[in-house]
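Visitor: After the structure tokens below, expect a handful of questions from me.
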Amino acid sequence: MYDQQIANFKKSLAEKEQRMQSIIDNAAKENRTRNEAEKSEWASLKAEVENLKTEIRDLEEQAARAAANARPVDFAAPGKSDVGKEEMKNLRKASVSKIVRSAAKPSKLDGVEKELQAVALDEFRACGITDYNADAVFIPQLAIRNLNWTGAEKRDITTGANLGAELVNTFTDRSNYIEALRPYNVLVGAGIEVIQNSSGDNVNYPRENTLYTAAMAATENAAATETMTANLFTTVSFSPKRATAFIQVSNQAGAPVSQAGSELEARIRNQIVKGHATLMDTQGISGVGSSGQVAGILNTASVGTVVGGTHGANFSRAFITQFESTAGAAGAVLERCVYITNFSINAFGKRTEFSSGSGRYLIESVPSWAWGNNPTGQGNRSMIDQYPAFLSSNVPNNLAKGTSGSVCSAVIFGDPTDAKYMQFAGMQIIVDPYSNGGSALTNYHVHHWFDFRVLRPGSWVISVDMLTP
């Protein structure tokens with residue numbers, strides 16, 4: 001947020017120093033001393049120059065401190081911010097509807113909205129993202145973080161029944177707006193971190209690919225054997241993948257946006273936030289790693305596997321022990337591991353005993369006070385053996401194995417610190433009033449770039465053929 005102000009101050013500084021030099025040069029050229037007016041102007045300019053230098057230095061120091069203290073984006077804690085209270089107050093004044101309405105005439109922007117647009121453009125240029133429309137509306141990372149903007153999803157809002165009439169009808173009680181149910185987004189809640197990439201460069205994490213091993217010498221002077229001969233290192237690469245969709249709004253439904261009724265703006269923003277969060281979650285779980293998708297946990301090479309059978313097999317105690325032993329044998333830190341699965345597995349596990357009459361079930365609930373890492377701090381947590389289980393319908397329960405039909409569920413076990421999201425730059429919104437202009441509709445196209453990678457596949461174990469009859 002400081003870059004533009006520093007640039008303006010530096011420009012003013014250069015102009016004043018140039019004027020001071022011209023006063024000296026003019027007097028020297030005429031072989032005379034400066035007159036009183038020139039001396040007064042020069043002294044005034046000198047004071048202004050010193051003041052500007054102090055302001056620039058202070059702003060640069062503050063920008064450096066802000067960058068040093070910046071934290072990764074945490075989608076699990078909406079509203080978490082690295083900005084001060086006053087800056088947050090100004091940021092909260094920003095009107096998305098004002099930004100969007102200005103798409104046809106960006107020069108009309110002013111105030112906080114103009115500053116946000118400038119910051120966002122700087123981010124996109126710094127990130128080297130070239131496939132964007134320079135005439136579009138842009139939302140910077142700061143606004144995404146603090147206004148809960150994270151991506152894109154399609155929703156049609158018109159004045160027809162169930163498609164927007166609820167927002168414009170005079171007799172609609174907007175204070176009791178009812179949101180649609182959505183799946184719980186599980187990966188970030190389970191502890192997988194989101195890294196904010198401010199440079200926009202592709203990022204490689206170097207990873208050891210071969211272990212050094214030692215052996216006992218057969219005799220006192222036996223020669224040593226080289227144990228790390230090739231493929232010592234590999235890389236885990238992050239590069240931008242584009243998430244996109246659009247929202248279609250009736251021009252008539254959009255009327256309240258230009259008035260005090262910012263409810264429509266808030267509802268649209270909420271849809272964008274939650275829709276994109278769902279996309280990031282499902283991609284991190286099931287992305288195929290091709291056709292523009294990220295490589296999700298279920299489709300990452302070299303992760304451990306627990307195989308149910310030719311046609312799938314019932315989730316059972318025997319398979320639970322395999323998840324733990326497979327990850328442990330690979331060197332995973334079991335103390336950090338969690339299960340990630342769906343409600344079909346949860347329901348089956350809670351009604352299935354270890355053995356008949358044992359009184360213990362495959363999945364049991366533990367109060368939050370008994371599990372210190374409960375991020376919500378309240379309610380109960382499903383546990384599989386001694387490991388917390390995170391549940392979401394984003395984890396598929398319609399997979400097929402052999403002749404099973406589409407009834408198999410996925411189960412994931414692993415260390416959440418061994419996977420990362422990376423988010424590149426901010427968000428791009430393109431306002432299109434023309435494609436459906438004949439129907440009095442405006443399209444809002446949203447683009448956002450991110451990637452997901454498993455860092456150490458050995459820390460993860462998956463099954464894709466657990467039956468839940």
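The values are calculated or read from the model by the stated rules, or taken from the named source; none is laboratory data. Computed from a predicted structure; not experimentally measured. Because the Cβ atoms are built from the backbone with ideal geometry, glycine has one as well, and the counts that use them run over all protein chains shown.
Visitor: Within the stretch 403-455, which residues are without any contact (Cβ under 8 Å) to a residue 40 or more places away in the chain, under 30 Å from V303 (Cα atoms) and of a type outside the set (S, T, N, Q)?
Guide: Residue satisfying the conditions is G405 alone.
Visitor: Being among the basic types (K, R) and surrounded by 12 or more Cβ atoms within 10 Å (Cβ to Cβ) is the filter; apply it to the stretch 1-56 and report the residue that is farthest from V119 (Cα to Cα).
Guide: Quick first cut of the stretch 1-56, residues among the basic types (K, R) only: 10-11, 16, 19, 29, 32, 34, 39, 46, 53.
If we keep only those that are surrounded by 12 or more Cβ atoms within 10 Å (Cβ to Cβ) as well, we get 10, 16, 19, 34, 39, 46, 53.
Details: K10: 18, K16: 26, R19: 31, R34: 44, K39: 40, K46: 31, K53: 23 Å.
Step by step, filter the stretch 1-56, then rank; the result is R34.
Visitor: From T213, T234, T227, T244, which residue is at pLDDT 85 or above, not small (G, A, S) and not assigned by TED's automatic domain parsing to the domain that holds V431?
Guide: T234
Visitor: Right, here's the next one. Looking at (1) surrounded by 13 or more Cβ atoms within 10 Å (Cβ to Cβ); (2) in contact with a strand residue (DSSP E or B) (Cβ under 9 Å, 6 or more places away or on another chain); (3) modelled with pLDDT of 85 or more, which one does R207 not meet, given that it meets all the others?
Guide: Condition not satisfied by R207: (1).
Visitor: Hey, another quick one. Quick check, is A253 over 29 Å from E324 (Cβ atoms), buried (at least 19 other Cβ atoms within 10 Å of the Cβ) and either at pLDDT below 90 or not aliphatic (A, V, I, L, M) (or both)?
Guide: Details: over 29 Å from E324 (Cβ atoms): yes; buried (at least 19 other Cβ atoms within 10 Å of the Cβ): yes; either at pLDDT below 90 or not aliphatic (A, V, I, L, M) (or both): yes.
Considered against the rule, which asks whether it is over 29 Å from E324 (Cβ atoms), buried (at least 19 other Cβ atoms within 10 Å of the Cβ) and either at pLDDT below 90 or not aliphatic (A, V, I, L, M) (or both), A253 comes out as yes.
Visitor: Within the stretch 187-237, which residues are in contact with a Lys or Arg (Cβ under 6 Å, 6 or more places away or on another chain) and either over 28 Å from M427 (Cβ atoms) or not acidic (D, E) (or both)?
Guide: Scanning the stretch 187-237 gives I195, T234, V236.
Visitor: Does the stretch 360-381 contain any residue that is modelled with pLDDT of 90 or more, closer than 28 Å to A295 by Cβ and assigned to a strand (DSSP E or B)?
Guide: Looking for residues that are modelled with pLDDT of 90 or more, closer than 28 Å to A295 by Cβ and assigned to a strand (DSSP E or B), one finds none in the stretch 360-381, hence no.
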